[in-house]
Amino acid sequence: MGASARMIGVFDSGVGGLTVLRALAAELPAEQFVYLGDTARLPYGTKSAETVVRYALQATAALAAFPLKCLVIACNTASAVALPAVRARIASVPVIGVIEPGAEAACAASNCGHIAVIATEGTVRGGAYQQAIRRRRPEAQVTAVPAPLFVALAEEGVCEGPIAEAVAHHYLDPLFAAAGRIDTLVLGCTHFPMLGRAIRGAVGPGIDIVDSAQTTAGHVRRALERSGIAASAGAGAVRLLATDAPQRFARIGARFLARPIAPDEVELIDL
């Protein structure tokens, strides 16, 4: 099977990873994608590492039924704890998580080496971004804080206006006041780019904001091009899978994907 006929698999615990899919489709418009949202068991961030690894391997097995050329873990929690296990399970194709590209971009963007990360509680507690940044810049000072309300706001579509702005200031004002000079902020959750304007308004124009969805898409494009398996022509396509509530997935996911999703576009599967 030619490279253009093979697919890029993407999975997440729910709809947040659609921001990664959206960035991938923009970066690689000729590619075929299959996206799996494990909506029956979200969120992953509150689960134990052992449970997340098990869920991630089950999602991997479901996507491996398709003719994959690459697998993207579009979930920060799964990227943090399950990436080695997934790579071992599906060694025939590249497996890319969202944390390493985000950490690499943050290290490149920061002049002073003081980097802030906002993420879910599970991602912050696991320390994956902190470790990935310090592997690249051992002298870096990394301050990571959870911002769980951003997830609820993104899913409710309250991404701009006074409520979103107030929550952004609630999290970011104390962070930037207490941590001293920070010049780079990593959005360490796939929901957070939805609140980009509110976050930018809270931190001001002088801070570099790293969107892990965008950085992951660029990383995937370069990996496919290096391997000579990037599709160079043809119309791209997206296939959507969910493990529960396809109508809700379509309704909320439309905001993340920035296009309407008909409920019958979402195929219900069981892991």
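Quick note: the coordinates plus some simple rules give every number you see, no bench work behind them. Owing to the predicted nature of the structure, the values given are computational and were not obtained by experimental measurement. Positions of Cβ are generated from backbone atoms using ideal geometry, with glycine treated the same way; all protein chains shown enter the neighbour counts.
What FRET efficiency comes out for residue 237 versus residue 160 if R0 is 22 angstrom and r is the Cβ-Cβ distance? Round to the nearest 0.05. Please report the intermediate quantities before stating the final value.
On the way: r = 31 Å, r/R0 = 1.39.
After rounding to 0.05, the efficiency reads 0.10.
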Original post:
So how far, in whole Å, is the C-alpha centre of the range 83-105 from the one of the range 17-37?
Top reply: 16 Å
Original post:
For the chain, modelled as a GNM with alpha-carbon contacts under 10 angstrom, which of 64, 88, 168 fluctuates the most?
Top reply: 88
Original post:
Tell me, what HN-Hα J-couplings in whole Hz come from the Karplus equation 6.51 cos²θ - 1.76 cosθ + 1.60 at θ = phi - 60° for each residue of the range 190-200, using x for Gly and Pro?
Top reply: 5, 6, 5, x, 4, 9, x, 5, 5, 5, 4
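For residue 49 and residue 131 in the same chain, what is the full-extension length gain: residue separation times 0.36 nm, less their Cα-Cα distance, in nm?
Values: separation 82, 0.36 × 82 = 29.52 nm, distance 1.67 nm.
Fully extending the segment from residue 49 to residue 131 adds 27.9 nm.
Using the Cα centre as the reference, give the magnitude of the dipole from point charges on the C-beta atoms of the chain (Lys, Arg: +1; Asp, Glu: -1; all else neutral), rounded to the nearest 20 debye. Don't jump to the answer; show the numbers that get you there.
Values: 24 positive and 23 negative charges, 126 e Å.
Rounded to the nearest 20 debye, it is 600 debye.
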Original post:
Tilt of helix 76-89 relative to the longest C-alpha principal axis of the chain, in degrees (0 to 90, nearest 10)?
Top reply: 40 degrees
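Once you have the Cα-Cα distance between residue 259 and residue 177, take 0.36 nm times their residue separation minus that, and quote the gain in nm to one decimal.
25.8 nm
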Original post:
From the backbone phi of the range 29-37, what are the Karplus-calculated ³J(HN,Hα) couplings (6.51 cos²θ - 1.76 cosθ + 1.60, θ = phi - 60°) in whole Hz, Gly and Pro given as x?
Top reply: x, 8, 8, 9, 10, 10, 10, 10, x
Original post:
If you line up the long axis of helix 99-109 against the longest principal axis of the chain, both from Cα atoms, how many degrees apart are they, to the nearest 10?
Top reply: 40 degrees
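Run the dipole for the range 100-212 about the Cα centre, Lys and Arg Cβ at +1, Asp and Glu Cβ at -1, nothing else charged, and hand back the magnitude in debye, nearest 20.
Working: 8 positive and 12 negative charges, 83 e Å.
Dipole size: approximately 400 debye.
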Original post:
How large is ³J(HN,Hα), in whole Hz, for each residue of the range 112-119 in order, when computed from phi with the Karplus curve 6.51 cos²θ - 1.76 cosθ + 1.60 and θ = phi - 60°, using x for Gly and Pro?
Top reply: 8, x, 9, 10, 9, 10, 10, 7
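Please tell me the relative contact order of the chain in percent, rounded to the nearest whole number, where contacts are Cα pairs under 8 Å and at least six residues apart.
Values: 529 pairs, mean separation 74.2, N = 271.
Relative contact order comes out at 27 percent.
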Subject >> Amide hydrogen neighbours beyond the local backbone of residue 117, cut-off 5 Å, H modeled >> reply: 143, 144, 145, 186
**OP:** Give, as ranges by residue number, the residues of the range 243-271 whose backbone N falls under 13 Å from the point 7 Å along Cα→Cβ of residue 65.
**Re:** 243, 267-271
Original post:
Using alpha carbons only, how many degrees (0 to 90, rounded to 10) separate the axis of helix 212-227 from the longest principal axis of the chain?
Top reply: 50 degrees
